[in-house]
Amino acid sequence: MLTVRFWGDRGSIPCPGPLTVRYGGNTSCLEIRADEKLIIIDLGTGIRPLGDHLMKNDFTKGPIDADIFITHTHWDHIMGFPMFSPIFIPSTKLRIRGPVSYEGESLKSIMSAQMDYRYWPVRLSELSARIQYDQIKETTLDLGGGLWVTTKYLNHPILCLGYRFEYRGKSIVTAYDTEPFRNVFPTDPNDPSYDEGAAREGEEAAREENEKLLRFFLGADILIHDAQYTQEEYLSGKTGWGHSSYEQAVNAAHKAHVKKLILHHHDPNRTDDQLSALQEKYRRLIAGKTPLKIMMASEGLVVEA
């Protein structure tokens with residue numbers, strides 16, 4: 001069985017409070033189970049309650065052993081790590097993998113920097129768990145037991161990876177933080193910087209990258225996709241920020257014949273009522289037009305592929 005559970009689904013910053021109770025206010029953290037094998041995606045503030053859950057349930061059966069994949073190293077995706085209870089247990093084994101934008105830095109050094117003594121009372125070197133850090137790029141990895149993961153670069157201001165997990169004929173894909181690839185060269189002939197060749201090549205490159213993403217999503221049982229903005233918000237000043245609109249996510253999932261689309265990375269200003277209204281809006285818009293199922297990510301949500 002391949003399942004995903006959400007422990008954090010907000011973008012940018014934690015936003016606890018009375019208006020975010022139903023969908024949650026923790027930043028990104030997903031738990032994927034391939035039968036007994038444990039995979040964790042991102043180390044946002046949702047990793048703290050996940051850690052407490054693992055200590056209460058998994059640790060009673062034996063040491064915690066997990067593969068952790070970081071989509072990218074922006075703070076909202078790693079800031080919960082110092083409060084992850086299993087890192088203080090000597091028997092814990094963690095393999096942390098993710099992309100690094102600056103080759104002079106290692107993934108371990110980035111994780112260590114946020115636990116510098118000026119910011120946090122426990123340094124990375126003082127943790128008891130056995131932790132392996134690996135920088136990865138676009139690749140395919142055999143995680144054992146019939147579980148495979150394929151990675152794909154997304155469109156974000158720093159290097160960011162999407163992950164496709166495949167297990168016994170089922171698949172779960174993550175695609176956040178990202179927005180559609182676009183031509184960054186001027187396309188208006190009246191623009192002083194316009195270059196016909198560059199404009200043409202830019203259009204072709206963007207088209208090719210967007211097609212690669214659709215192939216990456218193709219036929220997924222579950223696609224967890226960035227949906228921080230409405231299309232109106234995206235076009236009114238959020239283009240280039242590295243996040244998608246609901247419309248872009250729905251359109252990509254439909255084109256790729258995805259079965260279930262889970263909208264993720266909620267804007268910190270979005271209230272529970274607004275998220276519920278948006279969920280119903282997009283369900284109505286696609287009703288009768290596609291077999292695609294849409295749902296909003298919420299803390300505690302468990303979905304089977």
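Any read-out appearing in this document is the output of simple, stated calculations on the displayed coordinates, not a laboratory observation. Computed from a prediction, not measured in an experiment: that's the story for all the values here. Every residue, glycine as well, gets a Cβ built from its backbone with ideal geometry; the counts of neighbours run over all protein chains shown.
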Magnitude of the Cβ-charge dipole (Lys and Arg +1, Asp and Glu -1) of region 2-304 about the Cα centre, nearest 20 debye, reported as 1160
The summed charge of the ALA34 Cβ neighbourhood (under 14 Å; Lys/Arg +1, Asp/Glu -1) stands at -3
quick shape note, region 100-220: Cα extents on principal axes in Å, largest first -> 61, 45, 18
Most exposed first, judged by fewest Cβ atoms within 10 angstrom, TRP148, TRP7 run TRP148, TRP7
Beyond 31 Å (Cα-Cα) in this structure, taken from LYS108/LYS259; LYS238/LYS293; LYS137/LYS170, we find LYS108/LYS259
Rounded to whole Å, √(5λ) for the Cα gyration tensor eigenvalues of region 235-277, largest first, gives 20, 16, 8
The value for region 2-304 (convex hull of the alpha-carbon atoms, volume per residue, Å³) is 152
Straight-line reach check, LYS281, cutoff 13 Å on alpha carbons, 8 or more apart in-chain or any other chain, hits among aspartates and glutamates -> GLU247, ASP273
Taking Lys and Arg as +1 and Asp and Glu as -1, residues besides TYR153 with C-beta under 10 Å from its C-beta add up to +1
Exposure-ranked with fewest Cβ neighbours within 10 Å first, ASP67, ASP142, ASP134 stand as ASP142, ASP134, ASP67
